[in-house]
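Working notes, beginning with the structure itself.
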Amino acid sequence: MLEAVAETARAPSGGTSCYLSVENLQAWYGDSHVLHGMSFNVQKGEVVTLLGRNGAGKTTTMKSIIGLIQKRTGSIYFDGRELIKLPPRAVARAGIGFCPEERGIYSSLSVRENLLLPPTISDGGFTTGQVLDLFPNLRERLQTVGTKLSGGEQQMLAIGRILRTGAKMLLLDEPTEGLAPVIVQQIGRIITLLKQRGYTILLVEQNFHFASSVADRHYVVELGRIVDMFRNEELDANQEKLKRYLGV
Ligand code: ATP
């Protein structure tokens, strides 16, 4: 099924120069200074994770990229454009889709209504049928309201919804949180498929084993800045260092 979707869904447009580059990103909640010079990049077609302890600033980084944190400075360069001063709607139009940790499913709306809610921002997104081919459980639940969905179904709906919009880059904040192992595996297969289709994915993960099964590179976040970076193939040799970073 996944392979069939891979054949039919078109990959995002754009050349090899399409990438995200975050430089010296600072962000505040009111007077509270939370990001202290985040700098990292993601090449087109890569899956990259932000790893780090609770409160390190991973979610704030994603929210800063999509414009949900108003007080921010530095540079967020994506697909040839500077985003730092743009509001969320303009960032979405630039081609970045955000899937928040809390998933953002409207409880009073049906699966179909939730799916159709975000506007299409560019060509090349999944059709509704392709989303349902990717997540067959959702097809059976189209009329079900958000409150009746399992955590896994909510996560699938949240991902499917941004695939419909035509976003070229996906920011997924802890997509496996609270999910059963079999659903985590399914989410992993979806991420791998999307990578094969040319999507670029930035992932916040607490589940280190999951992260290592899908990602090309991993950045370690501490106190609002990047302190280290590992290629996936370097992880085994750096297990002890990583455990110290993550406190596990
Ligand atoms: P977690 O996995 O716990 O979400 P994280 O690395 O994603 O961790 P953030 O959620 O980005 O961390 O939080 C970074 C810092 O900002 C923390 O000290 C947190 O308490 C603080 N913070 C997060 N959201 C707010 C907010 N709305 N108002 C004020 N401070 C906040």
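The values are calculated or read from the model by the stated rules, or taken from the named source; none is laboratory data. No experiment lies behind these values; they were computed from the predicted model shown. All Cβ positions, glycine included, derive from the backbone under ideal geometry; neighbour counts span all protein chains shown. Protein only, heavy atoms only, side chains kept; ligands, DNA and RNA dropped before computing areas. Shrake-Rupley method; radii C 1.70, N 1.55, O 1.52, S 1.80 Å.
Output the residues belonging to segment 151-164 that are surrounded by 19 or more Cβ atoms within 10 Å (Cβ to Cβ) and of a type outside the set (A, V, I, L, M).
Answer for segment 151-164, where residues must be surrounded by 19 or more Cβ atoms within 10 Å (Cβ to Cβ) and of a type outside the set (A, V, I, L, M): G152, E153, Q154, Q155, G160, R161, R164.
Determine whether segment 42-64 contains at least one residue that is of a type in the set (D, E), at pLDDT 95 or above and either under 25 Å from I191 (Cβ atoms) or open to solvent by 40 Å² or more (accessible area, probe 1.4 Å) (or both).
There is at least one residue in segment 42-64 that is of a type in the set (D, E), at pLDDT 95 or above and either under 25 Å from I191 (Cβ atoms) or open to solvent by 40 Å² or more (accessible area, probe 1.4 Å) (or both).
Segment 82-150 holds helices (runs of 4 or more DSSP H) entirely within its bounds, and those carrying 2 or more residues that are open to solvent by 50 Å² or more (accessible area, probe 1.4 Å) map to 88-94, 111-116, 136-140.
Number of residues in segment 20-72 that are under 22 Å from N207 (Cβ atoms) and either in a helix (DSSP H, G or I) or near the ligand (Cβ under 10 Å from one of its atoms) (or both): the value is 15. Given the criteria assigned to a loop (DSSP other than H, G, I, E, B), open to solvent by 40 Å² or more (accessible area, probe 1.4 Å) and either more than 16 Å from the ligand (Cβ to nearest atom) or touching a helix residue (DSSP H, G or I) at 6+ places or on another chain (Cβ under 8 Å) (or both), does G178 qualify? When the stated conditions are applied, G178 passes them.
Residues in segment 65-99 that are among the small types (G, A, S) and touching a helix residue (DSSP H, G or I) at 6+ places or on another chain (Cβ under 8 Å): G67, A92, G97.
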